[in-house]
Each structure stands twice: as C-alpha cells, then as structure tokens.
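One structure is given below, encoded as structure tokens.
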Amino acid sequence: MNKRQKKKQAYKQYMRDIFEGYERMLEDPKLPELTFPYLKEITILSRDSEGKIHFTTKEV
C-alpha cells in the first residue's frame, strides 16, 4: 500500500472514530469529553453546561 492510500485510510478511520464518539456521547450523557488526534490536529467533542455537544478542532 502506498503512502497516499495509507493517509487516506487513516483519515477515513479518524472520521469514523469522531462520529462513533459522537454517537457514544449521545447514548451516554455522563461522558464529558472525547479527544481524537490525527496528524497535526486534534478534534475534541465536549459538553457545555446545558449538555449540548460541541466539536472543536485545534492544530497541534
């Protein structure tokens, strides 16, 4: 498998992980935060004081 395909597969897995984490947070309201790293960025799913889920992406 070449480098481009590996990178594409890694990105697909990253996206799957984020949406599975979102579903997990919907099912379990006690989860306060989940973090997903990918290359030079991190996506954080967090809850506010009202229990709403927010997506935040930061560059590392």
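The values are calculated or read from the model by the stated rules, or taken from the named source; none is laboratory data. In this text, all values refer to a predicted model and were calculated from it rather than measured experimentally. Here the Cβ positions follow ideal geometry from the backbone for every residue, glycine too, while neighbour counts run over all protein chains shown. Areas reflect the complete protein model, heavy atoms only, side chains present, ligands, DNA and RNA absent. Shrake-Rupley method; radii C 1.70, N 1.55, O 1.52, S 1.80 Å.
Restricting the search to segment 1-11, which residues are open to solvent by 90 Å² or more (accessible area, probe 1.4 Å) and either more than 16 Å from THR57 (Cα to Cα) or aliphatic (A, V, I, L, M) (or both)?
MET1, LYS3, ARG4, GLN5, LYS6, LYS7, LYS8, GLN9 - these are the residues of segment 1-11 that are open to solvent by 90 Å² or more (accessible area, probe 1.4 Å) and either more than 16 Å from THR57 (Cα to Cα) or aliphatic (A, V, I, L, M) (or both).
For segment 31-60, how many residues meet the condition of being under 16 Å from ARG16 (Cβ atoms) and either basic (Lys, Arg) or surrounded by 15 or more Cβ atoms within 10 Å (Cβ to Cβ) (or both)?
Adding up the residues that qualify gives 5.
Being part of a helix (DSSP H, G or I), exposed (fewer than 12 other Cβ atoms within 10 Å of the Cβ) and in contact with a strand residue (DSSP E or B) (Cβ under 8 Å, 6 or more places away or on another chain), is that true of even one residue in segment 16-29?
Yes - at least one qualifying residue is present in segment 16-29.
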